[in-house]
Amino acid sequence: MDVLAASDTLRLDVKALDYGILAVYFALVITIGLLAKRAIATSEDFFLSGRALPAWVTGLAFISANLGAIEILGMAANGAQYGMSTVHFYWIGAVPAMVFLGLVMMPFYYGSKVRSVPEYLRRRYNRPTHLYNALTFATSSVLIAGVNLYALGIVLEATLGWPLWLSVVVSAFFVLVYITLGGLSGAIYNEVLQFFIIVAGLIPILVVGLHSVGGWSGLQAAVAKTDLGADSFNTWQGTGIPWTNALGDWVGIVFGLGFVLSFGYWTTNFAEVQRALSAKDMSAAQRTPLIGAYPKIFIPFLTIIPGLIALVVVPRLGKSDALPYNDAIPLLMDQFLPSGALGVAMAGLLAAFMAGMAANVSSFNTVFTYDIWQTYVRPGRPDGYYLRVGRVVTVAGVLVGILTAFIASGYSNIMIYIQLLFSFFNAPLFATFIIGMFWKRVSPMSGIAGLAAGTAGAAIMHFWAYHLPYFYPGGVIDPTHATMNEQMANFYGAILAFLLDAVVTVVVTLMGEPKPEAELAGLVWGIPDPSAPDPSTLPKPLWWQSPKVLGFGALGITAVLSLVFL
Amino acid sequence: MSKEQSGEPVSGASKLFDLRVLIGGLFTLYGVILTVVGLLASEAMRTKAAGININLWMGLGMLLLGVFFLLWWRLRPLRHDPPPSD
């Protein structure tokens, strides 16, 4: 079984058939961009798909936008490194947050007709809060676009033998073409197509992999013999205080990862919320994250379990520099997929990286054009001007992404790099949104003050944790800091950020004047927008389209699975 | 471009094509290719995939999904609400 131990390098055996499958896919990617271009006449067509898409399209794009390098390679790597506890990223993290977004927060976003998440902050708080959020979001999306691009580059280098720079430039070119032409519709349509192709590519890896290790019980028995041990199938194992689980204790997982980081990411990250804003009506916007939640529940079976299979099939995985954990999925493709299936899986993987990058660039260009350029630099121009700015900014964003791709190479585990960024900027965001959305007294200046305090809190915790024995396995500080549990430090950093933001928001609010209620119509709970249509006049959705049914259904399935894998 | 600059531009969103055709077309094409490759699969290809004729199964699965999307597209065609200005 251990064919790779001899050569210790990964190079896929790609045949003409696979290249043919890839060529068809890439031709279609460009075709979507060209066809979507015909539907762009205004800047809202370009940045928000003219708010005309059906819920199944926006819902699948909602999770596809996040199904990039981080998710597929990173979650398989985490699966191999930490075992089934990695499902907490999905079942404690993503799914409850997506349901909360659909049921609770979406009416404020979609109903207030804001064009971006920073724009919500501008109307709820003030311009400094808005500028702070718009700038940090624009910067971090370009960085993440670069991370996706870099991940794509190393995969192409490892599997096809292309030089890193060539893979980076070629894939950036494809993304550039389809989102500069097709705008958000080009990005979203490609994301939906990518969703199906990546699932089609990952299922055979799971099926063949599980079959070869002797099914589920065979996998459990084999993993029990590895360093990970038999406990790796119990998701809450070792999360007590003091902890032994690689993700740390339950406080960090439930409050840090779940409540703060995941809610912050899924409910306030514009790359996600933008997909819902492009939906054709309020009902479709609410259903966008709820429809996305269902596939999200099952994605760990396509990422984490292949990670565990790779651990069994490739015993040296993670033990040498030539076989990093991030290679788990490409290694399995090499091991198990014959020509044909391999081509589809390759297309899925490359599509995922491109979509991950495109999602970030297409949200970056919207925030830059509407929130920075139109708001602060060149206001009051005709709509066609902002459409052109959007296209130019898209090109610039891709170029900066290429530069960032090389910066990203400094960190060994992509997942931790991304988590670090999110914990600084996103963690305080959720506090600012949730308090501002539900307490009309909150004053404009408390927005920026709370965000700044929270971001500082996350950064302080990041460096402080290195000097706290609790963050080291066994409670003993390692002078080299190598064994420090960085995941747990991030989770705790998020908790501190949330608390600091909340405290500062309340204190500054009590010292200042609240915003006049007329300016808060439709933005805050309890102050309805007088111009909004009366809910009783709207057509009633069919029972299976009801957001409550969809949302609680997703939570129910997640609860059952959580008990099964307890 | 000049049309966009004069007065309030009108959204072109109703011209957006139906994605179901493309998903259906791609999966039908891939499905047919993989099914054929699966039917002609050599012993080596099967051995590699732990004895499963993975191309055949994958091909049939993708074909099914492709046909589903094409049928959905044919039976429930996209209808755009007439633009309010016309």
So if I check each of A:Val504, A:Val524, which one is at negative phi and not in a helix (DSSP H, G or I)? A:Val524
When residues of the stretch B:16-30 are limited to those that are surrounded by fewer than 19 Cβ atoms within 10 Å (Cβ to Cβ) and at the interface with chain A (Cβ under 9 Å from one of its Cβ atoms), the one farthest from B:Met62 (Cα to Cα): B:Phe17
Which listed residue is modelled with pLDDT of 90 or more, among the hydrophobic types (A, V, I, L, M, F, W, C) and under 23 Å from A:Ala41 (Cβ atoms), from B:Val21, B:Val37, B:Val32, B:Val10: B:Val21
Residue check, A:Asp227 against (1) more than 14 Å from chain B (Cβ to nearest Cβ); (2) buried (at least 16 other Cβ atoms within 10 Å of the Cβ); (3) of a type in the set (D, E, K, R), all met but one. Which one? (2)
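Results for (1) exposed (fewer than 14 other Cβ atoms within 10 Å of the Cβ); (2) in contact with a Phe, Trp or Tyr (Cβ under 9 Å, 6 or more places away or on another chain); (3) facing chain A (nearest Cβ under 9 Å), shown as yes or no for each residue.
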position	(1), (2), (3)
B:Val32	no, no, no
B:Gly38	no, yes, yes
B:Ser42	yes, no, yes
B:Arg46	no, no, yes
B:Ala50	no, yes, yes
B:Leu56	no, no, no
B:Met62	no, yes, yes
B:Leu65	no, yes, yes
B:Leu71	yes, no, no
Residues to consider are A:Gly343, A:Gly384, A:Gly307, A:Gly356; find the one that is more than 17 Å from the chain's Cα centre (by Cα), within 22 Å of A:Leu22 (Cα to Cα) and assigned to a helix (DSSP H, G or I). A:Gly343
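The values are calculated or read from the model by the stated rules, or taken from the named source; none is laboratory data. On a predicted model such as this, the values are computed, not experimentally measured, just so you know. All Cβ positions, glycine included, derive from the backbone under ideal geometry; neighbour counts span all protein chains shown.
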